[in-house]
Amino acid sequence: MTRRRGRPTEAVFDAPLRARYLKAVAAGARLGEAAEAFGIHRNLPGYHALRDEEFARAFNEAKALGKKRRSIQHGEVAYNEGRCRCTEICTPAATAARARRHATQQPEDDDAAGPPTTAPEEAASEPSSPLPFSLRSPLVPSRGRAA
């Protein structure tokens, strides 16, 4: 018989605790918040769902009921602000909205859009720098160039 490391998961996540966890998830608690409330790791219920078909069925039912009870208005806002990652509505809505925003931000004609121009007096006084900031210290006066 091989010995496993750590505590046996059946002792940590026993049947009464599983029932209370599923009840909390069905009431609308998020999975990680419910796991934290019961003092278990957030991945432990998923681990048990992979190994126990009956628990997996109850787990999926509780998640679906909890999602309905949270009464989320599904869409892009729920994805961005409500952390809903449902694959039926929220994720596709956010993906489509993001694609629309990127399409409107891109210039129509790439040749017409050049680098931003600077005023002629700025270009003459300061040499251009590839850095977005100046390396010159504001405390040290600049030296004039000899003509």
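The values are calculated or read from the model by the stated rules, or taken from the named source; none is laboratory data. Keep in mind that what you see is a predicted model, and the values were worked out from it rather than measured. Cβ coordinates were reconstructed from backbone atoms using ideal geometry, including for glycine residues, and neighbour counts include every protein chain displayed. For accessibility, only protein heavy atoms count, side chains too; no ligands or nucleic acids. Shrake-Rupley method; radii C 1.70, N 1.55, O 1.52, S 1.80 Å.
Every residue in region 33-69 that is touching a Lys or Arg at 6+ places or on another chain (Cβ under 8 Å) and open to solvent by 50 Å² or more (accessible area, probe 1.4 Å), please.
Passing the criteria: Glu36, Phe38.
Every residue in region 65-96 that is outside any helix (DSSP H, G or I), over 17 Å from Leu31 (Cβ atoms) and within 12 Å of the chain's Cα centre (by Cα), please.
The answer is Glu81, and nothing else.
Of the numbered conditions (1) in contact (Cβ under 8 Å) with a residue 12 or more places away in the chain; (2) under 17 Å from Arg83 (Cβ atoms), Ala26 satisfies every one except a single condition; which is it?
(2) is the only condition that Ala26 fails.
Give me a count of the residues in region 36-52 that are in a helix (DSSP H, G or I) and either touching a residue at least 40 places away in the same chain (Cβ under 8 Å) or among the polar types (S, T, N, Q) (or both).
0
This table checks each residue for (1) under 30 Å from Val12 (Cβ atoms); (2) at pLDDT 80 or above; (3) not hydroxyl-bearing (Ser, Thr, Tyr).
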position: Tyr47; (1), (2), (3): yes, yes, no
position: Arg57; (1), (2), (3): yes, yes, yes
position: Lys67; (1), (2), (3): yes, yes, yes
position: Gly75; (1), (2), (3): no, yes, yes
position: Ala78; (1), (2), (3): no, yes, yes
position: His102; (1), (2), (3): no, yes, yes
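Determine the pairs where a residue that is in contact (Cβ under 8 Å) with a residue 24 or more places away in the chain and within 16 Å of Gly66 (Cα to Cα), located within region 78-89, has a partner that is open to solvent by 80 Å² or more (accessible area, probe 1.4 Å) and outside any loop (DSSP other than H, G, I, E, B) with Cβ atoms under 8 Å apart, the partner being 6 or more residues away or on another chain.
Here the result reads none, with nothing in region 78-89 linked to a residue that is open to solvent by 80 Å² or more (accessible area, probe 1.4 Å) and outside any loop (DSSP other than H, G, I, E, B).
Can you work out which of the residues in region 1-25 that are part of a helix (DSSP H, G or I) and more than 31 Å from the chain's Cα centre (by Cα) is modelled with the lowest pLDDT?
It comes out as Glu10.
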